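Worksheet for the structure shown next.
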Amino acid sequence: MDFQTRLLEESDVSQILTLQNLCFPEVEPESDISFINKIKQSPSTCWGVFKDGTLKAYLIAIPWRTGRPLSLDQIDVLCVNPNCLYLHDLAVLPEMRGTGAAQTLLKYFFKALLKKKFSRAALVAIQGSKPYWERQGFSVQASSNAINEKLASYGSEAFYMEYHCK
């Protein structure tokens, strides 16, 4: 399938919100301000896959601290002394699954991880995606009260996971 990949811009947020609603029906939708702030915080680590000018998949990542997952819809995303690249969101429309869109976005993510000289990445797996992330090299980390508090906003099947560069 023919698609283009580029860095996301604030003007893409309305399309991001549409994809979010389609891809994550089990969680409360995030606000436009939340996405705008993440793109502003780290414009070089947020990408979209477009087909005929329409967003079909996206990945939002920001420099962050391990052991501190973002709450869903967290507005304040400024992090002092980050030690990882936090993959906040990967969404792929059902029609794009199996086209290589997700793997393309992950290639950009892992290249950025190395370019920023982080040895770790982190994310929250939701909606049964834990096996997918395990196949990508992420592993579930031990919970704490602080982590469990953050995970509560993602629903009952949320796992904090990390990736360690080899």
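Readers should treat all values here as calculations from the given coordinates under stated rules, not as data from a laboratory. Fair warning: this is a prediction, and the values are worked out from it, not measured in the lab. Glycine gets a Cβ as well: all are built from the backbone with ideal geometry, and neighbour counts include every protein chain shown.
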Return the distance in nm (one decimal) between the two label points of a simple spin-label model at Asp73 and Gln4, each offset 7 Å from Cα along Cα→Cβ.
3.3 nm
Computed over the chain: longest principal axis from alpha-carbon atoms vs helix 13-23 long axis, angle to nearest 10 degrees, is 70 degrees
Hey, how many Å between the Cα centroid of region 71-147 and the Cα centroid of region 34-58?
14 Å
For region 1-124, what is the relative contact order in percent, using Cα pairs closer than 8 Å and at least 6 residues apart in sequence?
26 percent
Mind checking Rg over Rh on the chain, alpha carbons, Kirkwood formula for Rh?
0.92
Region 79-89 - phi-based ³J(HN,Hα) in whole Hz, Karplus 6.51/-1.76/1.60, Gly and Pro as x:
10, 8, 6, x, 10, 7, 9, 9, 8, 6, 7
Fraction in percent of alpha-carbon pairs per bin - 10 Å, region 119-166:
29, 54, 17, 0
Rounding to the nearest 20 debye, state how big the charge dipole of the chain is about its Cα centre with +1 on each Lys and Arg Cβ and -1 on each Asp and Glu Cβ.
960 debye
Among Ala61, Phe138, Asn148 the positive-end extreme of the charge dipole of the chain (Cβ point charges):
Phe138
